[in-house]
Every structure is written in C-alpha cells, then in structure tokens.
Amino acid sequence: MPLEDDFCDILKKSRVGQGLSIGDVSRLTGLSSGDISAWERGEQVRDREEVQALATALGLRAEPLGQIALDKWEPLAQRQPVWIETVYGSVGGYGVQGYIVHDQGEAMVIDTAYNAPAMIKVLNEHKLRLVGICLTHGHADHADGIDHILKHREVPVYLGPEDIDLLQWRPRVDLLAVPMDGHAITVGRRTVHCLTTPGHTAGGICYRVDDSQQPVCFVGDTLFAGSIGRSNPSTLYATHLDSVRKRLFQLTPNYRLLPGHGPATTVAEERNHNPFVAIE
C-alpha cells in the first residue's frame with residue numbers, strides 16, 4: 001500500500017498549519033514561488049539542497065523529508081495480529097480503513113471505514129458480539145454508518161465530545177460515551193485504552209491495545225506513515241504535533257500504528273522517518 005501523503009501533501013500541510021503563504025515560504029527559503037507551487041501540485045523536487053531549505057523554513061526534519069521526496073521511503077510491511085480484522089471502504093474512490101478488535105467472541109469496531117455493511121458482515125461471519133464502537137474522530141469517512149451498525153446491535157459509541165457536532169447522524173444521548181484519557185474498555189480478555197490526541201480534530205482519540213507480543217495503537221488521522229493528517233482547523237497544528245510527539249511517540253518502539261488511511265507503521269519507523277515531529 002503506498003503512502004497516504006506525498007512530498008506535496010507534507011509541504012502544504014506544514015505551510016497551511018503555520019499560517020504561511022507560498023510567498024512567505026519563498027522569502028524564507030530563497031526559492032521561487034513558482035517552484036514551491038509546482039511542488040505542492042506534485043512536481044518532483046530537484047535535490048536535497050531544496051529539501052533542506054524547505055525543511056528549515058517549515059520546521060520539518062530534513063533527512064526524513066528527503067527520504068520521502070527523493071528516496072521514496074515506505075514503512076516495512078506489518079504483519080496483522082490475528083485478533084484484528086481490517087475493513088476497507090472508499091469515499092468517491094478515496095480509500096479509508098476501519099478495524100475490528102475481537103477476543104473470545106466479543107468485538108469492538110474502531111471507525112466505520114465508511115462501510116457499515118462490510119463491518120456487519122465481518123461480525124456475522126465470525127459470530128462476534130459487538131460491545132462498542134470507538135471513533136477516532138467525527139469525520140464522515142470514519143464515522144458514517146454508525147446508525148446501521150447500531151441497528152445490528154445497540155452498544156456505546158465512544159467519541160471525543162468536541163467532535164460530536166461533526167457527526168452527520170448522532171446517536172441517542174444515552175449511547176454516547178466520552179472516552180476520557182486512560183479509560184479502559186474490555187473486549188473479551190483484551191483491554192482497549194483511550195488516548196486523547198487532539199489536532200486532526202479538537203476531539204481526536206487514539207485507541208491502544210497493550211498486547212505483550214503485538215501492541216497496537218489505532219491512530220485514525222492523527223498520524224499517517226511518514227506524515228500526519230490535516231490539522232482541522234489549522235490553528236490546531238501545534239497541538240497536533242504535541243499529540244504525536246508527547247502521546248504516540250511515547251509508546252514503546254514496537255507499537256504498530258494502524259491509521260485510517262495508508263499503510264501501517266510502527267513507533268520506531270515514525271521516530272526515524274516522520275518529517276513532522278522532532279524527537280525531544
């Protein structure tokens with residue numbers, strides 16, 4: 001699976017997140033506005049000197065940025081734990097994925113993948129009893145379809161309260177549960193821990209499972225392999241970087257990070273290859 005974000009996406013997310021215009025970046029780097037615009041449209045940057053100038057101006061890590069722009073870095077393929085099912089969907093051809101954590105016949109949906117029928121099909125095929133729906137945030141590609149899943153079985157829906165207004169369909173109040181930081185949800189013998197990570201949205205939540213062999217964190221759009229999601233609104237950019245650095249990067253290096261778009265990665269890979277967040 002290719003990276004969710006290319007060099008062009010990284011440039012634009014960083015620039016917009018910091019409230020900079022293309023002209024601002026041109027003045028900071030000495031590079032032409034025309035070149036910067038072309039790179040944001042997807043044209044190939046020419047050399048590492050240009051990458052270094054852009055990285056310095058935008059507060060990005062130059063070496064990882066060059067690896068993505070010039071060396072076409074991709075994370076090592078991650079073996080899927082047998083207790084996780086991945087469900088794929090698309091929004092107008094734009095791919096999205098959600099997950100089902102299951103153990104001893106119980107299951108937790110992590111985002112809907114904009115594909116509630118496929119989620120319900122997996123639950124039925126594996127004879128799983130749904131115990132909850134965990135939403136990383138309220139955007140439609142991750143949350144739409146919860147009404148169909150709740151018709152299959154009424155369960156709590158975990159969502160950061162700041163994101164409730166983003167939902168296109170809202171569950172009854174008694175079904176909405178606030179995933180407080182550190183809150184634990186039991187699925188069979190497994191425990192899903194809530195990790196508040198605002199930035200992509202104000203109410204962003206990641207969900208981690210501390211398996212002794214294959215620890216996993218479901219990161220939604222907080223982080224992509226080699227990138228981050230768009231900070232929405234852009235004023236959350238600094239908060240977003242803090243969530244990645246101070247929450248996700250504090251997990252042990254072997255944690256698998258399962259995003260809502262693009263390939264899986266690990267904390268170790270991102271500490272080495274993500275241009276957005278310096279290691280403190």
Being in a loop (DSSP other than H, G, I, E, B), touching a Gly at 6+ places or on another chain (Cβ under 9 Å) and over 13 Å from Y237 (Cα atoms) is the filter here; which residues of the stretch 1-28 pass it? M1, P2, L3, E4, D5, D6
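Pick out the one residue from D163, D181 that is assigned by TED's automatic domain parsing to the domain that holds D211, in a helix (DSSP H, G or I), under 27 Å from T235 (Cβ atoms) and in contact with a strand residue (DSSP E or B) (Cβ under 9 Å, 6 or more places away or on another chain). It would help to see each step written out before you state the result.
Values: D181 fails: in a helix (DSSP H, G or I).
Answer to the check: D163.
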Residues of the stretch 50-79 being among the polar types (S, T, N, Q) and either within 18 Å of K121 (Cβ to Cβ) or within 17 Å of the chain's Cα centre (by Cα) (or both), in sequence order, are Q78
Quick one: in the stretch 103-142, of everything that is surrounded by fewer than 24 Cβ atoms within 10 Å (Cβ to Cβ) and under 24 Å from G182 (Cβ atoms), which residue is nearest to the chain's Cα centre (by Cα)? G138
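Of everything in the stretch 233-266, what is more than 13 Å from T222 (Cβ to Cβ) and in contact with a Phe, Trp or Tyr (Cβ under 7 Å, 6 or more places away or on another chain)? Give them in sequence order. Can you show your working first?
Of the stretch 233-266, the ones more than 13 Å from T222 (Cβ to Cβ) are 233-235, 238, 250, 252-256, 263-264, 266.
Listed by number, the list holds a single entry, T266.
Of the residues G19, G23, G42, only one is farther than 18 Å from N274 by Cα, surrounded by fewer than 16 Cβ atoms within 10 Å (Cβ to Cβ) and over 26 Å from the mean Cα position of the chain (by Cα); which? Spell out how you get there, then give the answer.
On the way: G19 fails: over 26 Å from the mean Cα position of the chain (by Cα); G42 fails: over 26 Å from the mean Cα position of the chain (by Cα).
Going through G19, G23, G42 in turn, the sole match is G23.
Does G229 meet the test of being crowded, with 24+ Cβ neighbours inside 10 Å and either at negative phi or polar (S, T, N, Q) (or both)? Lay out the reasoning, then the answer.
Numbers: crowded, with 24+ Cβ neighbours inside 10 Å: yes; either at negative phi or polar (S, T, N, Q) (or both): yes.
Yes; evaluated as a whole, the condition is true for this residue.
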Assess whether W39 counts as being out of contact with any Pro (no Cβ under 7 Å at 6 or more places or on another chain), under 30 Å from D147 (Cα atoms) and not β-branched (V, I, T). no
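Condition check: touching an Asp or Glu at 6+ places or on another chain (Cβ under 7 Å) and either in a loop (DSSP other than H, G, I, E, B) or more than 20 Å from A107 (Cα to Cα) (or both). Does H142 satisfy that? Spell out the reasoning first.
Numbers: touching an Asp or Glu at 6+ places or on another chain (Cβ under 7 Å): yes; either in a loop (DSSP other than H, G, I, E, B) or more than 20 Å from A107 (Cα to Cα) (or both): no.
No: the conditions fail for H142.
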Which of the numbered conditions does T196 fail, given that it passes all the others? Conditions: (1) within 23 Å of A107 (Cβ to Cβ); (2) surrounded by 16 or more Cβ atoms within 10 Å (Cβ to Cβ). (1)
Look at the stretch 3-26 and say how many of its residues are of a type outside the set (V, I, T), farther than 16 Å from A38 by Cβ and touching a residue at least 24 places away in the same chain (Cβ under 8 Å). 9
Looking at A77, A69 in this structure, which one is among the small types (G, A, S), in contact (Cβ under 8 Å) with a residue 12 or more places away in the chain and surrounded by 14 or more Cβ atoms within 10 Å (Cβ to Cβ)? A69
Among the residues of the stretch 45-61, the number that are without any contact (Cβ under 8 Å) to a residue 40 or more places away in the chain, surrounded by 14 or more Cβ atoms within 10 Å (Cβ to Cβ) and not charged (D, E, K, R) is 5
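Look through the stretch 177-193, keep the residues that are hydrophobic (A, V, I, L, M, F, W, C) and in contact with a Ser or Thr (Cβ under 9 Å, 6 or more places away or on another chain), and return whichever of them is surrounded by the fewest Cβ atoms within 10 Å (Cβ to Cβ).
Residues of the stretch 177-193 hydrophobic (A, V, I, L, M, F, W, C): 177-178, 180, 184-185, 187, 192.
Filter once more, so that each one left must be in contact with a Ser or Thr (Cβ under 9 Å, 6 or more places away or on another chain): 180, 184-185, 192.
Values: M180: 12, A184: 8, I185: 20, V192: 23.
Going through the qualifying residues, I end up with A184.
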Could we say that G203 is in contact with a helix residue (DSSP H, G or I) (Cβ under 9 Å, 6 or more places away or on another chain) and touching a residue at least 24 places away in the same chain (Cβ under 8 Å) here? yes
What is the residue count in the stretch 96-119 for residues that are among the aliphatic types (A, V, I, L, M), closer than 16 Å to T136 by Cα and assigned to a strand (DSSP E or B)? 6
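The values are calculated or read from the model by the stated rules, or taken from the named source; none is laboratory data. Here the structure is a predicted model, which means the values were calculated and not measured. Glycine also receives a Cβ, built like all others from the backbone with ideal geometry; neighbour counts cover every protein chain displayed.
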